[in-house]
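Q: Structure provided below as structure tokens; questions to follow.
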Amino acid sequence: MTSIGTGYDLSVSTYSPDGRVFQVEYAQKAVDNSGTAIGLRVKDGVVLAVEKIKHSRLLVPHANRRIMTAGKHIGVATAGWMSDTRHLVKRVRDEARDYRSTYKVDIPAKIIAERTGMYAQAYTLYSAVRPFGVSTIIGTVDVDGPQLYMVEPSGQYMGYRGCAAGKGKQVAKTEIEKLNLDQMTAREAIKEAARIIYAAHDDSKDKLFELELSWICAESNGLHAHVPQNLFDEAVQHAERALNDDEDDDEMEGDDE
């Protein structure tokens, strides 16, 4: 069985002999080369955070956000191609608007995740299209409380307490697993999300990055919104202190050796 896509990666509708769809794997690789995005579902809300890589100092701050509002109570954080991100977020917005227009209530989290996943999966079935090179983290608060889902390029979607995508996802997942999310408040999760993004950032490869933070909780009146500037500043200071402490610990261990 071949481990590369020789002859089997020309179309997304073609399986390799060992049951792989290489075009979907390539789309996932595009996600893995993007800045890290994480979502945390805590006891009173959802927090989203993104490491937006800045490829030039000339870029306008806060432009081309990777955290977007898809409905008044729905936040979307993404890792992957920005152009694909805009397309999928528009789809999420359309689904949320159409559901509310039809049923006169806000769309539940599971349904918006399911419909987004089905839409993404449709782009893995036909040779005339390609998969979306983006992983979409959807956070919301519905009648069942805080909800967090992630939709993969394959169209697979799953519910999470905490999730991560992008180049730093392994570090981020390790840090998320250490958190007691069931007992954590959204205000506490803001600081932890910032710390995790700073920990996952690889300064040797990407010097410049912009942190994005948003939440949906009682303090935001149940609406998706970027965190207030004072909380943002506190979170950044907390993340920088934690990063410096880790570096000091590493230096002390090196001296001991």
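Q: Suppose we filter K173, K169, K178, K207 for residues that are among the basic types (K, R) and in contact (Cβ under 8 Å) with a residue 24 or more places away in the chain; which single one remains?
A: Details: K173 fails: in contact (Cβ under 8 Å) with a residue 24 or more places away in the chain; K178 fails: in contact (Cβ under 8 Å) with a residue 24 or more places away in the chain; K207 fails: in contact (Cβ under 8 Å) with a residue 24 or more places away in the chain.
Just one listed residue meets the conditions, K169.
Q: Here is a follow-up. Could you please let me know if A164 is in a helix (DSSP H, G or I) and either free of Cβ contacts under 8 Å to residues at least 24 places away in the same chain or closer than 30 Å to A27 by Cβ (or both)?
A: no
Q: Could you say whether any residue in region 140-149 is among the β-branched types (V, I, T), farther than 16 Å from A70 by Cβ and open to solvent by less than 30 Å² (accessible area, probe 1.4 Å)?
A: No, because not a single residue in region 140-149 is among the β-branched types (V, I, T), farther than 16 Å from A70 by Cβ and open to solvent by less than 30 Å² (accessible area, probe 1.4 Å).
Q: Could you identify the single residue in R41, R20 that is under 17 Å from S154 (Cα atoms), touching a residue at least 12 places away in the same chain (Cβ under 8 Å), open to solvent by less than 70 Å² (accessible area, probe 1.4 Å) and basic (K, R)?
A: R20
Q: Can you tell me which residue is farthest from K90 (Cα to Cα) among those in region 115-131 that are under 20 Å from the mean Cα position of the chain (by Cα) and open to solvent by 70 Å² or more (accessible area, probe 1.4 Å)?
A: Per the criteria, the residue is Q121.
Q: Has region 214-221 got any residue that is closer than 21 Å to V24 by Cα and surrounded by fewer than 21 Cβ atoms within 10 Å (Cβ to Cβ)? Before you say what the answer is, go through the steps one by one.
A: Looking only at region 214-221, we keep the residues that are closer than 21 Å to V24 by Cα, and these are none.
Taking every residue of region 214-221 in turn, none turns out to be closer than 21 Å to V24 by Cα and surrounded by fewer than 21 Cβ atoms within 10 Å (Cβ to Cβ).
Q: Take M158 and tell me if it is open to solvent by less than 40 Å² (accessible area, probe 1.4 Å), hydrophobic (A, V, I, L, M, F, W, C) and within 18 Å of the chain's Cα centre (by Cα).
A: no
Q: Which residues, counting only those in region 120-137, are closer than 22 Å to G39 by Cβ and assigned to a loop (DSSP other than H, G, I, E, B)?
A: Correct list: P131, F132, G133.
The values are calculated or read from the model by the stated rules, or taken from the named source; none is laboratory data. Remember, predicted model here, so these are calculated numbers, not experimental data. Backbone-built Cβ (ideal geometry, glycine too); neighbour counts: all protein chains shown. SASA here: full protein model, heavy atoms, side chains in, ligands and nucleic acids out. Shrake-Rupley method; radii C 1.70, N 1.55, O 1.52, S 1.80 Å.
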